[in-house]
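I have placed the structure first, in the form of structure tokens, so that the comments after it can refer back to it.
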Amino acid sequence: MLYVIVYQLHVQFTVPNLSGTNRLSIWVGIGDTLEQDNVLGGGIVYNSTLKSFSAYFPGPVTDATSTVPVANGNSITVTVNVATAGGTVTIENKTQNKRTTQTLAAPTGVDPSSLTALAADWFVQAYQVIPGQLVATPNFGTVSFTAVTATTKSGVNVPISGAGRYEIQGTSGQVSRACYFVYFG
């Protein structure tokens, strides 16, 4: 298999009309492998309120809401750039004309040589706050990722036509409507 190292990922989406108490995140990232041990990314999260964020998982999340507020119907772009021992995440609310770029270090204790950037990811997912907790998603309708580009260090665009769609199944056996898309070069 030929592997492609993705150094930049750019995606645009519209925030769906979210309400209620269920949790949902819409975000993009560049990960080290399909196991996703280390992922640099950012986007929005909903938990009764909307927030924007960036993170280099499994490190801490940086709340960007004070600089880039989010509301239902807003057009959001996220650009992720991987560097040797970290990277940047740019979140832009095109509707409100707000933008931030956050520089994030790789998670503590991670060998920079293991940050291979082999997977570019687009996520719409429910998330747990308490480990083992059963989660449900709010009704989010359809989320479309547009203006998607994945680019190598030399500036070559990686075709996303081979992206896969994966449904998330909880431990109870219920298949969530939330899913994510992964490109693995």
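The values are calculated or read from the model by the stated rules, or taken from the named source; none is laboratory data. Predicted, not measured: the structure shown is a model, and the values here were computed from it. Counting neighbours? That spans all protein chains shown, and the Cβs are built from the backbone with ideal geometry, glycine included.
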Evaluate the following for residue 71: is it over 21 Å from residue 148 (Cβ atoms) and at pLDDT below 95?
no
Output for the range 47-98, where each listed residue is touching a Gly at 6+ places or on another chain (Cβ under 9 Å) and either assigned to a loop (DSSP other than H, G, I, E, B) or among the aromatic types (Phe, Trp, Tyr) (or both)
48, 53, 56, 57, 64, 95
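Residues are listed down the side, and each one gets a yes or a no for (1) surrounded by 21 or more Cβ atoms within 10 Å (Cβ to Cβ); (2) over 17 Å from the mean Cα position of the chain (by Cα); (3) among the basic types (Lys, Arg):
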position: 11; (1), (2), (3): yes, no, no
position: 27; (1), (2), (3): yes, no, no
position: 61; (1), (2), (3): no, no, no
position: 64; (1), (2), (3): yes, no, no
position: 86; (1), (2), (3): no, no, no
position: 94; (1), (2), (3): no, yes, yes
position: 101; (1), (2), (3): no, no, no
position: 107; (1), (2), (3): no, no, no
Identify, by number, the condition in (1) assigned to a strand (DSSP E or B); (2) modelled with pLDDT under 95 that residue 101 doesn't meet.
(2)
Which of the residues that make up the range 14-31 are of a type in the set (Gly, Ala, Ser) and either modelled with pLDDT of 90 or more or in a strand (DSSP E or B) (or both)?
19, 25, 29, 31
